[in-house]
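Computed from the coordinates by the stated procedures, all read-outs in this text should not be read as laboratory data. The model shown is predicted, which means the values in this text are computed figures rather than measured ones. Counting neighbours? That spans all protein chains shown, and the Cβs are built from the backbone with ideal geometry, glycine included.
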Amino acid sequence: MTWQKIADGLRAELMAYGGLLALFAEQQKFLFEREASHVLRISGLIEQQVVVLDDSRRQREALVAVFAVAHAQPASATLRSLLPFIEAPAQPLFEALLTEINHLLHRVRRTNRHNHTLLTRAVEVHAEVLQVLQPDNFTRTYSPAGRLATESHVAAGSLQAAG
């Protein structure tokens with residue numbers, strides 16, 4: 001196993017993170033434009049991209065495990081701990097790739113939380129508007145925990161907040 005294959009795996013993972021961030025940005029744009037059908041379509045694409053990202057991460061982890069074992073290290077060794085086994089001229093490349101992946105991971109998590117909050121708030125506002133426009137379709141009761149709960153007598157829509 002050569003370090004070049006691991007570098008290619010890291011690049012593929014970076015591309016997957018970049019694709020996910022682009023989809024989150026598009027979702028956010030449609031949320032602000034109140035384009036529910038586009039938000040729903042983008043949500044499906046986000047789910048597909050998460051699968052692509054997960055696959056690329058697993059493939060990269062498998063390459064790292066093979067590389068580790070080939071260098072008499074445990075298969076669970078981290079890529080950072082394996083840097084001494086990579087040719088010195090390539091080590092800065094790996095440092096940069098790992099730093100960028102960590103940076104993108106944090107951006108993905110932050111953007112996901114932000115979009116989730118926007119989606120949740122949009123659904124709440126929609127429910128509040130419906131309650132004002134059609135109060136007979138809702139019943140307000142207290143939950144066992146003492147919180148005010150509202151039940152709808154209308155079939156649920158297809159937009160759900162995920163996260």
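Table for the structure above
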{"item": "Residue-count net charge about Leu82 - beta-carbon cut-off 15 Å; Lys, Arg +1, Asp, Glu -1", "result": "0"}
{"item": "Neighbour-limited loop hits for GluC sites (Glu not before Pro), segment 9-63 (at most 14 other Cβ within 10 Å; DSSP other than H, G, I, E, B)", "result": "Glu35"}
{"item": "Top of Leu21, Leu63, Leu93 by mean-square fluctuation, Gaussian network on the chain, Cα under 10 Å", "result": "Leu93"}
{"item": "The chain, relative contact order in percent, only Cα pairs under 8 angstrom and at least six apart counted", "result": "25"}
{"item": "Potential lengthening between Arg113 and Glu47 on full extension [0.36 nm per residue; Cα-Cα distance subtracted]", "result": "22.3 nm"}
{"item": "Two-decimal Rg to Rh for the chain - Kirkwood Rh, Cα set", "result": "1.19"}
{"item": "Coil-residue chymotrypsin sites (Phe, Trp or Tyr not before Pro) of segment 1-103, DSSP, other Cβ within 10 Å capped at 13", "result": "none"}
{"item": "Virtual spin-label span in nm between Arg34 and Ala72, 7 Å along Cα→Cβ", "result": "6.8"}
{"item": "DSSP loop trypsin sites (Lys or Arg not before Pro) with at most 15 other Cβ within 10 Å: longest gap in the chain", "result": "35-146"}
